[in-house]
Amino acid sequence: MSTEAAILERPNSDRQSRLGLDRFSYDNEIVKMFAIATMIWGVVGMLVGLLVALQLVFPALNFNTEYTTFGRIRPLHTNAVIFAFVGNGIFTGVYYSLQRLCKARMYSDMLSRINFWGWQLIILSAAITLPLGFTTSKEYAELEWPIDIAITLIWVVFGWNMFATIVKRRTRHLYVAIWFYIGTFVTVAVLHIVNSFELPISFMKSYSFYAGVQDALVQWWYGHNAVAFFLTTPYLGLMYYFVPKAANRPVYSYKLSIIHFWALIFLYIWAGPHHLLYNALPDWAQSLGVVFSIMLLAPSWGGMLNGLLTLRGAWDRVREDAVLKFMVVAITAYGMATFEGPMLSLKNVNAISHFTDWTVAHVHIGGLGWNGMLTFGMLYWLFPKIYRTEIYSKKLANTHFWLATLGILFYALPLYWAGFTQSLMWKEFTQEGLLAYPNFLETVTQLKPMYALRAGGGAIYIIGALIMGYNLYKTAKKGSFLKNEEAEAAPLSDTYVKHKGEHWHRWIERKPVQLLVGSLIVIMIGGAVEMVPTFLIDSNIPTIESVKPYTSLELHGRDIYIKEGCNNCHSQMVRPFRSETERYGEYAKAGEFVYDHPFLWGSKRTGPDLLRLGGKYPDSWHYHHMLDPESMSPGSIMPSYPWLFEKDIDVASTEAKINVMRRLGVPYPEGYENQAVADMYLQADEITANLAKSGIEVKNDREIIALIAYMQRLGTDINPEGKVAKPYHIEPAK
Amino acid sequence: MKRPSLKQINKGAAFTLGLVTLPTLSAFAQATPTLDYTSWTSADLMLGAVIFMAGFVVLALLGLAYALYALKKVIDAQKAAEMGIIPEQVGFWKRLEYRLTDAVPVEREFEVMTDHEYDDIRELDNSLPPWWKAMFYVTIVFAVFYMANYHIFGWGKLQAEEYEHEMVTAKAQIDAYFESIGGALNETNVTFLSDEESLTEGKSIYDGNCGACHGQELQGTVGPNLVDNYWIHGGEVGDIFKVIRDGVPSKGMISWKGQLSAEQIQMVTSYIMSKEGTEPANAKAPEGDEFIRQ
């Protein structure tokens, strides 16, 4: 405990000690810091989102620099809104509510500050490294290993501070909001650590510990539960505190809280494979993903019901009070998104929605609706409280509410339309059995008007957020900030006598450690059942003899593919549908990906699938296409990559790459690492010679050569029509 | 509140019974398909069946719940009458709301108020909404059915099998189509089209698909020159048709059969042949053998 906190905690005055009351104060300063960070990062993250949305309509907005292309900026948007906006939102709400629910100041002001500044530094490092191209490629876990370690440390600081506060609480039982905070803390820790297993090859580059199917399973177990335990459970905790507070109504049902909390955290963790339906994942794992997603509907709606029904008897005020309005829309959006989620997890619906903008629309109902609106509601309630004043302008708050609500609609509806349109175009055949829209680009240009409308919706939403910033700034200006809020409460006695007829669940509400361990066990079950067999039982990933490791040149090319974030727009996963095998070629087999550290299946097709790209076009096609996509595909919205023609392949890292891959189980022969660079130039020379035939002069050490080598290798290991995979161009010394 | 009569209890019970017996009976009935089922995969049918079953289970549960509810009301009303309590009048919507949520009305919520208090937040202990509970049970039943269907009984097709089925069905449809129009165009029967309309269409196909590699003037860039009289794979109309259709993967020429129909390939072939002998700027050097068109 810091000295300041110790002084503030000191029970003083005779009166209080006679009454047996402790006098202490709540730390509002930390709440204010997080609240301001939430607003700033919220606007920044949304503006970056607007930029990437506009890039799809006006490719010139990629600005022709490597730091601002869609592939590098899109992860910046997702990371900013998830970890910076919502992350700071979580801390704001937790630091405010936890103190009051525990009747105790945060355990340590020092830890609170480390939590704050550490988190902001992590965000800053993300904002710097992502545009620079340092990425693991795993969605919402793009940050490289040193930042992963920092996240772990700061998360532990947060958990330590929270848990120590809970331990020294002055209320006997833990309120449902705190169950959710504890569940969030343990689960996010487990998810982050397991998914971030990676072997570094250098300061800002690593390879995922897992490969192919296993990597995909771990990643989407993480990815799905990042939504569940970062965007959902902590916000449910905030809902349980701020909604009854703002409405001044009792929580609707304690029973419902119990059942939906445990059911939600138990079921959520299983649902990850629904991100990989019809992918090269074993059928049984996919089916588990389906059924657990369906079973999630009721527990999710349990949260919605408890939120909305808490407003019984306060609906007349919802009409007046902007805070309640934001909360109602947030909870409703939560209900819509958690209904849509299970539906999208049905394989026949997913067959239509996956890889399209439908998914993007879906997550934004959750992001803009649930997280955004609840954050706004919370901030509008909090600011007047900590600044001891009224809100500066109710009218502006109402204006913000309507802008945000309309913004969501204008954002989501065009994207639903776009997703549906594109999917139907992909799947349509003529009577002769040909694809009705064989040129993928046709299905993209069709969507431009919808993309433009979506950007408009997003812009409206951002304007609302800016108005909030102004309104809250003015509120702060006119009020006076209460840094330490005085409070008093009786300390807990050492003994507790259960009273008659007490609900059985009250027991665990008195036992934070048991609650933490209990939730840990509950969330470990699903993950273990799905992952362990996939790692241990060979039949889940049938071996394919012809699948060989990447050559050193291809490996460099693959790392460039990752660095440029190609996987943000291109999948490498041909699903077993006629419409896909006709368009792309043989569907993906689990055994093809055994050397893919990390997997690069992708989750969205803004451009076509690339799994069977190898041998499809000549080297010169790729050369021209990467330099100016429109020269080969008129109307393409893909950015140009001129810097790949200037930069040299990083041969200094070749040896390390081969060594790390071998340690991860890729069977490079002994001694290959020493010849890898020479081998690389041999293969590069083949490509430059090939290009020379088409009149293209290029040096053999340029990044573009490595990328072409990788693209020409893609999917050819099992494709008899394509090139035959050659793992080495010179036979490694024995 | 209106007292439910014995008649209502019977109605609920009869509804439940009817639902249980109806599908059993219909299973024996001779099916006379009028719909086109050919394009349905068995996964569709299985899903339909599962949804039907789920819907059926919901309805059956609702029927049963209604019967039980009515029964309970009769008993409650009897008890109330014995105790001399006169039931109050409640409107339809309120009744519906209470029935769906099983919630204690706001005015009487002190009855379910717990002694929990956290920073002035109190907690009620209303019952779980019956429809919500039913939904939860239905999803659990669905999950069991689903897993059993695909992984225990093996009735449902897994994805590889589903794909096979889709391909077989599609092939049958395509074959039937070509049979109905008297066979497809191929390299042995394709002819040069000289009409204006075909050549214009051929040009637009060429510009959109071929120009990137062979040059907008057919002068050759990535791919070979198409206006000279040298051909690598033969210059007959059938030869050109075949190269466009099947591609020459070893040389980077892709196959267009998945993207262009035979008629479209015929039109673009004709367009290319119609440009033979033109002299665009920057023409690529001839490749292949000289071909004298007859």
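The values are calculated or read from the model by the stated rules, or taken from the named source; none is laboratory data. Everything numeric here is computed off the predicted structure, so don't read it as measured data. In this analysis, Cβ positions are derived from the backbone assuming ideal geometry, glycine residues included, and neighbour counts consider all displayed protein chains.
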Quick one: in region B:144-171, of everything that is of a type in the set (A, V, I, L, M, F, W, C) and in contact (Cβ under 8 Å) with a residue 60 or more places away in the chain, which residue is nearest to A:V290 (Cα to Cα)? B:F145
When residues of region A:398-445 are filtered for being over 28 Å from the mean Cα position of the chain (by Cα), surrounded by fewer than 16 Cβ atoms within 10 Å (Cβ to Cβ) and β-branched (V, I, T), how many remain? 1
Are any residues in region B:117-136 more than 7 Å from chain A (Cβ to nearest Cβ) and either crowded, with 16+ Cβ neighbours inside 10 Å or part of a helix (DSSP H, G or I) (or both), and if so, which ones? B:P130, B:W131, B:K133, B:A134
Looking at region A:620-649, which of the residues that are touching a Lys or Arg at 6+ places or on another chain (Cβ under 9 Å) and among the charged types (D, E, K, R) is nearest to the other protein chains (Cβ to nearest Cβ)? A:E646
Checking B:N225 against (1) within 14 Å of another protein chain (Cβ to nearest Cβ); (2) at pLDDT below 90; (3) not in a helix (DSSP H, G or I), which test does it fail? (2)
Does region A:351-371 contain any residue that is more than 14 Å from chain B (Cβ to nearest Cβ), among the acidic types (D, E) and buried (at least 22 other Cβ atoms within 10 Å of the Cβ)? yes
Which of the residues belonging to region A:437-459 are within 14 Å of chain B (Cβ to nearest Cβ) and either touching a Pro at 6+ places or on another chain (Cβ under 7 Å) or hydroxyl-bearing (S, T, Y) (or both)? A:Y437, A:F440, A:T443, A:T445
If you check B:K73, B:K79, which single one turns out to be crowded, with 17+ Cβ neighbours inside 10 Å and more than 8 Å from chain A (Cβ to nearest Cβ)? B:K73
For the list (1) of a type in the set (A, V, I, L, M); (2) surrounded by fewer than 13 Cβ atoms within 10 Å (Cβ to Cβ); (3) in the same structural domain as B:E276 (by TED's automatic domain parsing), I need the number of the one condition that B:L100 fails. (3)
Filter region A:434-463 down to the residues that are outside any helix (DSSP H, G or I) and within 19 Å of A:V360 (Cα to Cα) and list them by number. A:Q446, A:L447
Residues that are without any contact (Cβ under 8 Å) to a residue 12 or more places away in the chain: find the helices (runs of 4 or more DSSP H) completely inside region A:289-390 holding 1 or more of those. A:315-318, A:322-344, A:347-353, A:373-386
Picking from A:N719, A:N700, which residue would you name as being in the same structural domain as A:L613 (by TED's automatic domain parsing) and either surrounded by fewer than 23 Cβ atoms within 10 Å (Cβ to Cβ) or modelled with pLDDT of 95 or more (or both)? A:N700
I'd like the full set of residues that are touching a Phe, Trp or Tyr at 6+ places or on another chain (Cβ under 8 Å) and within 12 Å of chain B (Cβ to nearest Cβ), limited to region A:609-619. A:R612
Check on A:Y181, crowded, with 20+ Cβ neighbours inside 10 Å, touching a Phe, Trp or Tyr at 6+ places or on another chain (Cβ under 6 Å) and within 14 Å of chain B (Cβ to nearest Cβ): no
Can you tell me which of (1) surrounded by fewer than 17 Cβ atoms within 10 Å (Cβ to Cβ); (2) in contact with a helix residue (DSSP H, G or I) (Cβ under 9 Å, 6 or more places away or on another chain); (3) in a helix (DSSP H, G or I) is the one B:D207 doesn't meet? (2)
If you check B:R95 against the conditions, is it in contact (Cβ under 8 Å) with a residue 60 or more places away in the chain, exposed (fewer than 14 other Cβ atoms within 10 Å of the Cβ) and not aliphatic (A, V, I, L, M)? yes
Could you list all residues from region A:302-319 that are facing chain B (nearest Cβ under 7 Å), over 14 Å from A:K255 (Cα atoms) and not small (G, A, S)? A:R312
Please work out if A:G341 is closer than 18 Å to A:Y268 by Cα and either out of contact with any strand residue (DSSP E or B) (no Cβ under 6 Å at 6 or more places or on another chain) or surrounded by fewer than 21 Cβ atoms within 10 Å (Cβ to Cβ) (or both). yes
Considering region B:242-294, residues that are among the β-branched types (V, I, T) and touching a residue at least 12 places away in the same chain (Cβ under 8 Å), and then whichever is nearest to B:L199 (Cα to Cα), we arrive at B:V268
Residue among B:I140, B:I174 that is over 22 Å from the mean Cα position of the chain (by Cα), at the interface with chain A (Cβ under 7 Å from one of its Cβ atoms) and assigned to a helix (DSSP H, G or I): B:I140
Taking interchain pairs and intrachain pairs at least six residues apart, which have beta carbon atoms under 6 angstrom, with the first residue in region A:151-172 and farther than 15 Å from A:F91 by Cβ and modelled with pLDDT of 95 or more and the second among the hydroxyl-bearing types (S, T, Y) and buried (at least 16 other Cβ atoms within 10 Å of the Cβ)? A:A164/A:Y107
Among all residue pairs at least 6 apart or on different chains, which show Cβ distances below 7 Å where the first residue, located in region A:425-446, is within 20 Å of B:S180 (Cβ to Cβ) and the second is acidic (D, E)? A:A436/A:E428
Select from region A:671-698 the residues that are of a type in the set (V, I, T), within 17 Å of A:H622 (Cβ to Cβ) and in contact (Cβ under 8 Å) with a residue 24 or more places away in the chain and list them in ascending order. A:I687, A:I696, A:V698
Mind listing just one residue for me: the one in region A:570-601 that is within 11 Å of chain B (Cβ to nearest Cβ) and among the hydroxyl-bearing types (S, T, Y) and, of those, nearest to A:F440 (Cα to Cα)? A:Y584
Suppose we filter A:L56, A:L101 for residues that are crowded, with 20+ Cβ neighbours inside 10 Å and away from chain B (no Cβ under 14 Å); which single one remains? A:L56
Is it true that some residue in region A:232-248 is touching a strand residue (DSSP E or B) at 6+ places or on another chain (Cβ under 6 Å) and either modelled with pLDDT of 95 or more or more than 9 Å from every other protein chain (Cβ to nearest Cβ) (or both)? yes
Matching option when the condition is under 25 Å from B:E117 (Cα atoms), of a type in the set (A, V, I, L, M), part of a helix (DSSP H, G or I) and touching a helix residue (DSSP H, G or I) at 6+ places or on another chain (Cβ under 9 Å), among A:L515, A:L466: A:L515
Where residues in region A:581-619 are in contact with a Lys or Arg (Cβ under 7 Å, 6 or more places away or on another chain) and within 27 Å of A:K427 (Cα to Cα), which of them is surrounded by the fewest Cβ atoms within 10 Å (Cβ to Cβ)? A:E586
